[in-house]
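Asker: Structure below; questions to follow.
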Amino acid sequence: MSLKDISPARWVKFAIYSALYTAWVVWLGNYWFLFGCVVIFDAILTQKVHWRFWRKKGAVKQGFVREWIDAIIFAVVVVSFINIFFFQAFKIPSSSMESTLYTGDHLFVSKLSYGPRIPQTPLTIPFTHNVLPSGKKSYSTLIQNDYRRLKGWGKVERNDIVVFCFPHGDSVLSQIPSADYYAVVRATSKEFAIRKWGPLVVHPSDKKDHYVKRCVGIPGDTLRIQDGQLYVNGLKAENPENMQWAYTVQTNGSRISNKVLQHIGVNISEYSYDPALPGYRHLALSNKMLEQVKELKSVVSVEPEYEMPMPGSGDVEIFPFDASLGWTRDYISQLWVPCKGATVELNAQNLPLYRRIITSYEGHTLEEKNGLIYIDGKEAHSYTFEMDYFYMMGDNRHNSLDSRYWGFVPEDHIVGKPRVIWLSTDKNRNFPNNIRWRRFLKCI
């Protein structure tokens, strides 16, 4: 077939497809992909190459199996393309963001909000993240690309809800994959943890498990927490409307009905009545829920739970895991969020804050010898950050493992921004009452 015999409609189709493809290549920033226009030219116009090799060339009617192969290949390519560059579906597995996001919320997360990441580990079985149902890895590290992010609509702003890769998720104990490996090692030892819950599985940065939290600190911010209240750059931060706090609820000896607690909004799967109190310990309540609980006739008192500063004997689970600081989940004296290009002086006191940044996130070697610090084998008195970092906290402030427990989130771990709740289910109820219809297609 000569070019003169090609119909105008096919030329128009070629022009539209090639224009869209060229725009994508420009966005991608890798102009080698422009050779793909040759494929589009042949597939639409000249048809010299048999691209659908699984189909018999020239066949008019296709069998049932071949039609399904066509459909499956098309679906895999299109959905994978959408997941990488535009949006992806996620499910909330825990209550750390209640009552803003609930356990069982299914989200569409926009990759365009902050710009999609080019896959660093591209050899992955479609529609999987890091494991197969059998528990084995679903990807190969044969090809590893450097971190690169395409242009997005904007950047991470303070108070944004953000989906990101769990910073401590590079190492996972296979028998307790949801646990923080480094926290387990601090509580026991590396040898004991691997022997009891291993083997140890190591993931590249883009294959770590996904978390969702609220960004409360952006690069360059100075944070402080006093009596549970967050302060940013010296100013009291505005608390999220549905933020939950832990309370001790004492009753007159009777239980509060589960139906009443569910109606108020309490996640009943996480709390139980304590007859020794009598009442409920660590009950997470928003301000609205708090007022409703106080009005219950069986409730005698409701007291907020605070962990006061403990000079010299703070919580060793609070980042940077130094008891001498006296920090707790409700008290952090001062913490600066690193930003790209900023330089800090290094010393024995602040090195625990930046050790993981220097080694795990930015890929340098770090040694301490004779009171001196060596980076990549050279004596170092300062360090210049190569990436921006963020500080994340859950809206359920006393039931959230967040930056207070594992530190900063690197920019290359940012995945996207939740935009829509397309389905929400409550595991404490039976179908069809388990569907939260009021949250169906709710914008975030």
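The values are calculated or read from the model by the stated rules, or taken from the named source; none is laboratory data. This one's a predicted model, so the numbers in the text were calculated from it and none came from an experiment. Neighbour counts are summed over all protein chains in view; Cβ atoms, including those assigned to glycine, are modelled from backbone coordinates with ideal geometry. Just so you know, the surface numbers come from the protein's heavy atoms only, side chains and all, with ligands and any DNA or RNA stripped out. Shrake-Rupley method; radii C 1.70, N 1.55, O 1.52, S 1.80 Å.
Asker: Could you tell me whether segment 330-337 includes any residue that is modelled with pLDDT of 95 or more, part of a loop (DSSP other than H, G, I, E, B) and closer than 28 Å to Tyr102 by Cβ?
Answerer: The answer is yes, given that some residue of segment 330-337 is modelled with pLDDT of 95 or more, part of a loop (DSSP other than H, G, I, E, B) and closer than 28 Å to Tyr102 by Cβ.
Asker: Would you mind finding the one in Glu305, Glu295, Glu291 that is closer than 25 Å to Asp395 by Cβ, of a type outside the set (Lys, Arg), surrounded by fewer than 17 Cβ atoms within 10 Å (Cβ to Cβ) and touching a residue at least 40 places away in the same chain (Cβ under 8 Å)?
Answerer: Going through Glu305, Glu295, Glu291 in turn, just one is closer than 25 Å to Asp395 by Cβ, of a type outside the set (Lys, Arg), surrounded by fewer than 17 Cβ atoms within 10 Å (Cβ to Cβ) and touching a residue at least 40 places away in the same chain (Cβ under 8 Å): Glu305.
Asker: So, in segment 314-361, how many residues would count as being touching a Gly at 6+ places or on another chain (Cβ under 7 Å), open to solvent by 50 Å² or more (accessible area, probe 1.4 Å) and among the polar types (S, T, N, Q)?
Answerer: 1
Asker: Take the conditions outside any loop (DSSP other than H, G, I, E, B), under 15 Å from the mean Cα position of the chain (by Cα) and among the aromatic types (Phe, Trp, Tyr) and apply them to Phe74. Does it pass?
Answerer: no
Asker: Examine segment 306-323 for a residue that is in contact with a strand residue (DSSP E or B) (Cβ under 6 Å, 6 or more places away or on another chain), farther than 24 Å from Leu235 by Cα, hydroxyl-bearing (Ser, Thr, Tyr) and not in a helix (DSSP H, G or I), and state whether such a residue exists.
Answerer: No, the conditions are met nowhere in segment 306-323.
Asker: Filtering segment 122-144 down to residues that are within 17 Å of Val77 (Cα to Cα) and part of a loop (DSSP other than H, G, I, E, B), which residue is most open to solvent (accessible area, probe 1.4 Å)?
Answerer: Phe127
Asker: Out of Leu101, Leu123, report the one residue that is at pLDDT 90 or above and over 30 Å from Leu285 (Cα atoms).
Answerer: Criteria check complete, one pass: Leu123.
Asker: While we're looking at this one, here's another question. For segment 106-121, state whether one or more residues are loosely packed, with under 14 Cβ neighbours inside 10 Å and over 26 Å from Ser424 (Cβ atoms).
Answerer: First pass over segment 106-121, keeping only residues loosely packed, with under 14 Cβ neighbours inside 10 Å: none.
No, that holds for no residue.
Asker: Which residues, taken from segment 387-444, are over 22 Å from Asn83 (Cα atoms) and small (Gly, Ala, Ser)?
Answerer: Hits for segment 387-444 are Gly394, Ser400, Ser403, Gly407.
Asker: Right, something else. Can you say whether Val163 is within 24 Å of Val79 (Cβ to Cβ) and under 16 Å from the mean Cα position of the chain (by Cα), as far as the supplied structure shows?
Answerer: So Val163 passes the test.
Asker: Of (1) surrounded by 15 or more Cβ atoms within 10 Å (Cβ to Cβ); (2) within 23 Å of Asn267 (Cα to Cα), Trp422 satisfies all except one. Which?
Answerer: The number of the failed condition is (1).
Asker: If we scan segment 80-98, do we find a residue that is in contact (Cβ under 8 Å) with a residue 40 or more places away in the chain, among the β-branched types (Val, Ile, Thr) and either closer than 22 Å to Leu401 by Cβ or open to solvent by less than 40 Å² (accessible area, probe 1.4 Å) (or both)?
Answerer: yes
Asker: While we're here: List pairs: first in segment 393-407 and on the phi > 0 side of the Ramachandran plot, second outside any helix (DSSP H, G or I), Cβ under 6 Å, 6+ apart or cross-chain?
Answerer: Qualifying pairs under 6 Å: Gly407/Phe319.
Asker: What strands (runs of 3 or more DSSP E), lying completely within segment 165-282, carry at least 2 residues that are touching a Cys at 6+ places or on another chain (Cβ under 8 Å) and surrounded by 14 or more Cβ atoms within 10 Å (Cβ to Cβ)?
Answerer: 210-217
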